[in-house]
Amino acid sequence: MRRVRIGVVGRMIGVLIVLGIAVFPIYWMFTTALSSDADLFAAQPRLVPDFGQFGVFVDALADGPTLTWLRNSTVVAVGTTALSIVLGIPLAYALSRFSFRGKVAVGLLLLMTQMLPEALMVVPLFSLYRRFELLDSLVGLVLANTAFVLPIVALVLKGAIDGVPRELEEAARVDGSRPLTVLLRINVPIIAPAIAAAAVIAFFHAWNEYVFAVTFIFNKALQPASVGLAGFVGEQGTAIQTIMAVAFMFTLPAVAFYLFAQKYVVSGMTAGAVKG
Amino acid sequence: MSAERAGADVALKRRRRSPLGSRWTPYVFLLPAAAYIFVFQAVPLVQEIYLSFTRTNLLNPTRSVWVGLENYEKIFASAGFQQTLLTTLVYVIACVVGAVGSGLGVALLLNGRFPGRGIARALVTVPWAAPGIATALIATWMLNAQYGIITRVLRALGVDVGESGILDNPDLALTAILATTIWQLFPFVAVVLLSALQSVPAELTEAAEMDGANRWWTFRVVTWQVIKPTVGLVALLMTIWSLRRFELIWLMTRGGPLGTTRTLVIDLYSQAFDSKQLGNAAAIGMVGIVIALIVVVGSRLVSRAAERGA
């Protein structure tokens with residue numbers, strides 16, 4: 001009995017250390033944003049946030065391009081989410097419910113896309129975009145991001161459709177409904193939570209994306225926040241508190257929504273690798 | 001296919017008029033996404049393969065000259081590229097070992113009873129959820145040569161990190177990038193392995209312990225056997241992801257100092273957009289893809305052989 005209790009205490013100490021490592025950098029981002037210059041550059045840095053400095057968040061939003069960045073990121077992320085869900089649902093349905101020639105090839109293709117680095121695809125897409133005037137356009141970013149997140153979205157949705165009992169569909173089919181009607185009326189409402197999770201994945205894939213955005217966008221008014229934030233690296237003019245405040249506001253929604261979608265993300269991604 | 005499924009299919013075939021009877025139905029559902037992936041992934045990939053056999057300048061890409069294998073000969077002959085390959089190898093292996101090792105440790109830690117377990121499991125995923133850009137920014141600040149908290153702590157402990165700071169120190173930059181990458185990855189590994197650990201039958205571990213096996217022995221003969229396929233799968237994912245990781249390294253060091261953190265993807269991007277040599281960049285990219293393919297195919301063969309052996 002005694003040994004068991006010590007085991008629990010030891011385990012809790014271990015867990016606390018791990019959580020400290022996991023959360024500290026984000027905490028430090030927040031604390032740095034809320035530090036005065038004097039605290040920041042003192043011999044002994046301040047270890048807790050100084051809430052008297054909270055104006056830095058307000059100023060970061062009010063002055064400068066932060067709001068434009070966040071708006072552009074939101075536009076790209078919403079577009080990517082909508083397009084990848086619309087394309088992903090039928091793909092997932094085909095993979096889940098039908099056996100057909102070339103199914104293995106489709107699976108392999110989806111795995112292949114996981115191996116292609118964005119940094120490689122950016123060159124051919126650049127010349128394609130130049131021809132079709134998609135450079136300097138948020139639509140261009142939506143199209144490129146969708147290509148990379150679509151396989152993950154489809155695999156998450158496929159996993160969910162696999163779990164829908166076929167009997168439910170068969171009842172509708174006997175009534176003479178077409179396959180698309182069955183999908184939209186029967187499957188989509190049942191897998192709504194998985195669709196929400198896939199939407200979170202797609203949204204934050206686009207929200208975080210950097211390579212395409214930094215290569216395809218030249219107009220500063222169209223920069224998303226990832227590029228804007230990256231522009232702070234090596235630049236001297238902006239106060240570190242402002243940088244950390246913007247970075248924190250950029251991080252918070254991603255972390256909050258991922259905590260909600262985590263279960264589906266993990267199962268979808270591992271399923272993708274297994275099936276390929 | 002199960003007997004009932006086969007029966008159902010026969011029944012469906014008999015009802016020829018049924019909308020599901022058509023053999024084209026799956027392709028109709030497949031078409032939009034397949035066309036999309038074809039245009040935005042397959043076509044660019046083929047173009048990239050073609051580019052790797054040409055001399056093409058970013059500023060004038062329509063005038064490209066077919067040079068055969070010249071780009072490949074050039075990159076393999078260059079000492080810089082050999083360093084890049086070695087760095088990539090070290091980076092990928094260290095990422096996989098570090099992330100899988102620490103992730104497994106954390107999964108074992110979380111796979112027990114203790115108060116606050118649900119909160120702990122959620123909070124541990126924070127590093128994985130944080131955007132890469134934000135991670136690069138906070139890591140760069142924490143490693144700042146004068147005021148970074150990590151630099152300060154290391155100096156207080158008497159570690160010599162050099163005047164110019166960790167990220168500008170050729171001996172330490174790669175380690176710092178690795179630590180940041182592993183911080184980002186370990187939660188994913190931990191969450192996936194935790195769900196695998198929960199499928200280990202409790203009766204088996206209890207039986208082993210009843211038989212007087214110690215914890216390590218129980219882990220090896222029971223737990224490890226169950227989670228082994230998942231560990232392999234996660235290691236494969238970590239390998240593929242690490243081969244293509246870009247923004248974290250690019251933003252923290254741009255491949256420097258002295259090329260010590262220049263992986264294949266960093267090299268290809270700077271060849272394309274700094275040196276404007278699209279042909280070279282494409283050839284470097286192809287080397288990366290071939291490595292990834294070898295890893296994927298190799299791991300399939302190994303897991304097949306393991307299945308047959310078992």
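Do we find that A:Ala202 is more than 13 Å from A:Leu87 (Cα to Cα), among the small types (Gly, Ala, Ser) and assigned by TED's automatic domain parsing to the domain that holds A:Ala82 in this structure?
The answer is no for A:Ala202.
Take the residues in the stretch A:162-187 that are assigned to a helix (DSSP H, G or I) and away from every other protein chain (no Cβ under 11 Å), then tell me which one is most open to solvent (accessible area, probe 1.4 Å).
If we take residues in the stretch A:162-187 being assigned to a helix (DSSP H, G or I) and away from every other protein chain (no Cβ under 11 Å), then A:Arg185 is most open to solvent (accessible area, probe 1.4 Å).
Give me a count of the residues in the stretch A:234-267 that are over 16 Å from the mean Cα position of the chain (by Cα) and either basic (Lys, Arg) or outside any loop (DSSP other than H, G, I, E, B) (or both). Steps first, answer last, please.
Of the stretch A:234-267, the ones over 16 Å from the mean Cα position of the chain (by Cα) are A:234-246.
Within this subset, residues satisfying the condition of being either basic (Lys, Arg) or outside any loop (DSSP other than H, G, I, E, B) (or both) are A:240-246.
Qualifying residue count for the region: 7.
Residue-by-condition table, conditions (1) within 25 Å of A:Ser127 (Cβ to Cβ); (2) in a loop (DSSP other than H, G, I, E, B); (3) open to solvent by less than 20 Å² (accessible area, probe 1.4 Å); (4) not aliphatic (A, V, I, L, M):
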{"site": "B:Gly255", "(1), (2), (3), (4)": "yes, yes, yes, yes"}
{"site": "B:Gly259", "(1), (2), (3), (4)": "no, yes, yes, yes"}
{"site": "B:Leu268", "(1), (2), (3), (4)": "yes, no, yes, no"}
{"site": "B:Gln271", "(1), (2), (3), (4)": "yes, no, no, yes"}
{"site": "B:Ala283", "(1), (2), (3), (4)": "yes, no, yes, no"}
{"site": "B:Val290", "(1), (2), (3), (4)": "yes, no, no, no"}
{"site": "B:Ile294", "(1), (2), (3), (4)": "no, no, no, no"}
{"site": "B:Arg300", "(1), (2), (3), (4)": "no, no, no, yes"}
{"site": "B:Arg308", "(1), (2), (3), (4)": "no, no, no, yes"}
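So, B:Phe38, is that one free of Cβ contacts under 8 Å to residues at least 12 places away in the same chain, among the aromatic types (Phe, Trp, Tyr) and within 12 Å of chain A (Cβ to nearest Cβ) or not?
Numbers: free of Cβ contacts under 8 Å to residues at least 12 places away in the same chain: yes; among the aromatic types (Phe, Trp, Tyr): yes; within 12 Å of chain A (Cβ to nearest Cβ): yes.
Here the answer is yes, as B:Phe38 does meet what is asked.
Mind telling me which of the residues B:Thr135, B:Thr125 ends up being within 7 Å of chain A (Cβ to nearest Cβ) and either in contact with a strand residue (DSSP E or B) (Cβ under 9 Å, 6 or more places away or on another chain) or among the polar types (S, T, N, Q) (or both)?
Working: B:Thr135 fails: within 7 Å of chain A (Cβ to nearest Cβ).
Unique residue meeting the criteria: B:Thr125.
Rundown of residues vs (1) more than 14 Å from every other protein chain (Cβ to nearest Cβ); (2) without any contact (Cβ under 8 Å) to a residue 24 or more places away in the chain, yes/no style:
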residue	(1), (2)
B:Ser199	no, no
B:Gly212	yes, yes
B:Arg215	no, yes
B:Trp241	no, no
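Given the structure, is B:Leu264 closer than 29 Å to B:Asn280 by Cβ, surrounded by fewer than 21 Cβ atoms within 10 Å (Cβ to Cβ) and of a type outside the set (Ser, Thr, Tyr)?
On the way: closer than 29 Å to B:Asn280 by Cβ: yes; surrounded by fewer than 21 Cβ atoms within 10 Å (Cβ to Cβ): no; of a type outside the set (Ser, Thr, Tyr): yes.
Answer is no for this residue.
Results for (1) more than 30 Å from A:Ile217 (Cβ to Cβ); (2) open to solvent by less than 50 Å² (accessible area, probe 1.4 Å), shown as yes or no for each residue.
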position	(1), (2)
A:Asp63	no, no
A:Gly88	no, yes
A:Ala92	yes, yes
A:Arg97	yes, yes
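Pick out, from the stretch B:102-189, the helices (runs of 4 or more DSSP H) lying fully within it that include 1 or more residues that are more than 30 Å from A:Gly10 (Cα to Cα) and of a type in the set (S, T, N, Q).
Numbers: elements: B:117-123, B:126-129, B:132-142, B:149-156.
It comes to B:132-142.
So which helices (runs of 4 or more DSSP H) stay within the stretch A:35-153 end to end and still have 1 or more residues that are assigned by TED's automatic domain parsing to the domain that holds A:Glu209, under 23 Å from B:Val265 (Cβ atoms) and touching a residue at least 60 places away in the same chain (Cβ under 8 Å)? Steps first, answer last, please.
On the way: elements: A:37-40, A:55-62, A:66-97, A:103-115, A:118-131.
Hits in the stretch A:35-153: A:66-97, A:103-115, A:118-131.
The values are calculated or read from the model by the stated rules, or taken from the named source; none is laboratory data. Small disclaimer: the values here were computed from a predicted structure and weren't measured. Positions of Cβ are generated from backbone atoms using ideal geometry, with glycine treated the same way; all protein chains shown enter the neighbour counts. For accessibility, only protein heavy atoms count, side chains too; no ligands or nucleic acids. Shrake-Rupley method; radii C 1.70, N 1.55, O 1.52, S 1.80 Å.
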